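Below is one structure, written out as C-alpha cells; comments come after it.
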Amino acid sequence: QRPYILKPLIRPGTLGMISSPAGFGKTHLALAMGISVTHRVPFGEMSPEHPVKTLYIDAEMPSDDLQKRIRDLTYGLGPPEQSFHIWSAEYAERQGGPRPLLTDKDFRTAIYDFVSAENYGLLIFDNKAALTPGIDESAKMDWDSINQWLLSLRFLGVAGILVHHAGKSGQQRGTSGVEDSLDFIIKLKRPNNYSEEDGCNVDLIFQKARSMFGADAVALNFRIQESGSGLIWVVKPKEANRQAAVIAMLGVGASVSDVAREIGIVKATVSRIRAKAIKDG
C-alpha cells in the first residue's frame, strides 16, 4: 500500500499534468503544491500525509523571480519538514553548466541517478515546451523516449508533475499520447466572474483522475491573495454538491450505474444531469 504524499491526488509514482493557456497561474499552482508537500500545509481539503523531498526543475523563469515567489508563498510557515530545491536553467547557464533538457538522454540519466541517490519523492517540471525544445509536439514517437523515462521514475517511486501549455482548443498542446501514462490531468480555466484585478484566480478541472472519485474529483477554485508581507493560497470546492459530483465521476469515466450506486441516487437522475451537462457544454 503506497502512502499518500498529497491525499487523494499524489502517491509515490503518481504522474500528473497541469495545463492551461499562458498567464493563468500554472507556476503559482505548482509551487503551492510543492510547498504543501514539503511543509505539510493542507492544499484545500487535500492532506499532505507523507512529506517528501521535492525538486522543482524550471526551464525559463529568472531564478530570483522564482525564489521571490517561493519566499512570498512560504512567509510565516517556518522551516519545511522536507527540502524544496530548485534546478534553474537560468542559474545553470550563468554558472556555465548545462540547461535542463528532457530531450537529452544524458540529462535524463543524470536526473534519474540524482533523485535516486538523494531520495527525492516529487519532481515538478516547469514547463514541457521549454524542457523539450525541437520535438514535434504532435508526434507521439518524439515523446516516447521521455515517456519511458517518466515511467522509470514511477517505478522508482518518484512522483512527477508536468506543467504544460494549452492550445487554442483549451486542451493540452500536442499529441494525446502525452496523456496515456498520466494519473491525473488538471486543466485551469478562468471563473465566469473573473476580472484582471483578481490576479491569480483559476478553477481546477480534473480532466483525468485515476484515483479520485465522487466528491474528491469535484472542480476546485485556486486563488492567491496578499497577506501581510507574503502571499497565501486559498483552495475551495467549486461546486460542493451532488450535481458536481455526478459530473466529476462521469468525467473520469465512471458508468451511470457506478455513479448512481456511489452517490446514492437513481440512474434516471444521473442520466438527466449528464444530458444537461452535455447541453451546457
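By how many nm would the segment from His85 to Glu226 lengthen if fully extended, with 0.36 nm per residue of separation less the alpha-carbon distance?
In short, 48.4 nm is gained.
Counting only protein heavy atoms, what percent of the accessible surface of the chain is carbon or sulfur at a 1.4 Å probe?
The nonpolar share, carbon plus sulfur, comes to 48 percent.
What's the FRET efficiency of Gln207 with Ala129 using the Cβ-Cβ distance as r and R₀ = 25 Å, to the nearest 0.05?
The pair Gln207/Ala129 has a calculated efficiency of 0.85.
Computed over the Cα atoms of the stretch 73-207, what is the ratio Rg over Rh, Rh following Kirkwood?
Over the Cα atoms of the stretch 73-207, Rg/Rh equals 0.99.
Compute the orientation-averaged projected area for the stretch 5-135 from the convex hull of its Cα atoms and round it to one decimal in nm².
That works out to 8.5 nm², a quarter of the Cα hull's surface.
In deg cm²/dmol, rounded to 500, what helix-only [θ] at 222 nm does the chain give when every DSSP H run of at least 4 residues adds -39500 (n - 2.57) and the total is split over its residues?
-10500 deg cm²/dmol
Find how much the distance from Thr269 to Gln95 grows on full extension, using 0.36 nm per residue of separation minus their present alpha carbon separation; answer in nm with one decimal.
56.5 nm
Rounded, prolate or oblate, given the Cα gyration tensor of the chain, with a/c below 1.5 counting as rounded?
prolate
Loop by DSSP (not H, G, I, E, B), at most 14 other beta-carbon atoms within 10 Å: where is the longest site-free stretch of the chain for chymotrypsin sites (Phe, Trp or Tyr not before Pro)?
76-193
Would the stretch 175-242 count as rounded, prolate or oblate if I go by the C-alpha gyration tensor, calling it rounded below 1.5 in a/c and otherwise prolate when a/b exceeds b/c, oblate otherwise?
Note, shape of the stretch 175-242 comes out prolate.
Please go through the stretch 82-171 and write out the trypsin sites (Lys or Arg not before Pro) that DSSP classes as loop and that have at most 14 other C-beta atoms within 10 Å.
Lys168
Remind me, relative contact order of the stretch 74-209 in percent, using alpha carbon pairs under 8 angstrom and six or more residues apart?
18
For labels at Ala117 and Glu197 in the simple 7 Å Cα→Cβ model, what's the distance in nm?
5.4
Under a point spin-label approximation (7 Å from Cα along Cα-to-Cβ), what is the Tyr75-Thr103 distance to one decimal in nm?
Distance between label points: 3.9 nm.
Quick one: which of Lys128/Lys267; Lys26/Lys105; Lys7/Lys128; Lys189/Lys276 span more than 29 angstrom between C-alpha atoms?
Correct reply: Lys128/Lys267.
With every protein chain kept in place and ligands, DNA and RNA left out, what is the accessible area per residue of the stretch 1-157? Probe 1.4 Å, answer in Å².
Heavy-atom accessible area per residue stands at 46 Å².
The values are calculated or read from the model by the stated rules, or taken from the named source; none is laboratory data. Since this is a predicted model, take the numbers as computed values, not measurements. As a convention, Cβ positions derive from the backbone with ideal geometry for all residues, glycine included, and neighbour counts pool all protein chains shown. Protein only, heavy atoms only, side chains kept; ligands, DNA and RNA dropped before computing areas. Shrake-Rupley method; radii C 1.70, N 1.55, O 1.52, S 1.80 Å.
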